[in-house]
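Just so it is clear, none of the values below were taken in a lab; they were calculated from the coordinates. For clarity, every value in this text was computed on a predicted model and none was experimentally measured. Neighbour counts are summed over all protein chains in view; Cβ atoms, including those assigned to glycine, are modelled from backbone coordinates with ideal geometry.
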Amino acid sequence: MDIEQLAERVDDAARNASAIAQLSAEAELPLPDAYRVQAASVARRLGRGERRTGIKMGFTSRAKMVQMGIGTMIWGRLTSGMAVEEGGEIVLSRYVHPRVEPEVAFLLRRPLAGPVTLPEAAAAVEAVAPAMEIIDSRYRDFKFSLGDVVADNSSSSGYCVGPWSAPDVDTANLGLVMVFDGRAVQIGSTAAILGHPLRSLAAAAAFAGAAGEDLPAGAIVLAGGATTAEPLRAGVHVRLEMERLGAVAFRVAG
């Protein structure tokens, strides 16, 4: 298996917004190899001038596991090129199958790595915020195996973070509503994220540590979708309102 060749394939698909066949259709793609492909594809982005900004967690809620037919948590890498300005605009032509999901974002004030307790994870947090992640599998028909999605940076394509709040806000069970053009499309609670988003933060530290990385001070960690993801369409205004944390929004160009 040529890791660099597979990384080039998924990176080119993301850059050109072009759908590709599943990598696993050609050969078995074990999870450790899939993460190596992911790391190599993100390294290509960094080589073009982007910088690492954090990581995202995936499949941290029962709703997302059921929606995608996958039963284990995964993670992906965030870069500066994925950031969407709060209140800004995205263009659908940059994506293949764009969808959006509500998230909780953590900003770290000190490094976090390896297995940590929930109190240790909480103590490393500088601030929390409402956020939305734009996911976009580059595989045809939005179908993939676990190895496929991990290799494709766990479908991470963009993220939009709202105003930061003090870390003492209890994120355990915050009500939320995601709205398209003033109409609620998803209603839920942050409790859907592993029962408490801090568990996702601790899991992120463990994943990073196992990969020989840490989460540095200033890193953003997206805790995972609290609901199923909604397909995006041209011209829609997307807004997430989260109890105690406020709101975050962006628009899709018409």
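Quick notes on this one:
- Rounded to the nearest 20 debye, the dipole size of the chain about its Cα centre is 240 debye, using +1 on the Cβ of Lys and Arg and -1 on the Cβ of Asp and Glu.
- Per-residue ellipticity at 222 nm, computed for the chain from helices alone with -39500 (n - 2.57) per DSSP H run of at least four residues, works out to -7500 deg cm²/dmol.
- Eigenvalues of the alpha-carbon gyration tensor of segment 190-254, scaled by 5 and square-rooted, set the equivalent ellipsoid semi-axes at 28, 15, 12 angstrom, largest first.
- Scaling the Cα radius of gyration of segment 1-142 by the globular reference 2.2 N^0.38 Å produces a ratio of 1.12.
- Extents of the chain, taken as max minus min of Cα coordinates on every principal axis and listed largest first, are 47, 43, 35 Å.
- A cut-off of 5 Å between modelled amide H atoms, ignoring neighbours fewer than 5 places along the same chain, links VAL100 with ILE135, GLU230, LEU232.
- Fewest neighbouring Cβ atoms within 10 Å first, the residues VAL179, VAL100, VAL91 line up as VAL91, VAL179, VAL100.
- THR79 long-range amide H proximity, modeled H, under 5 Å: THR53
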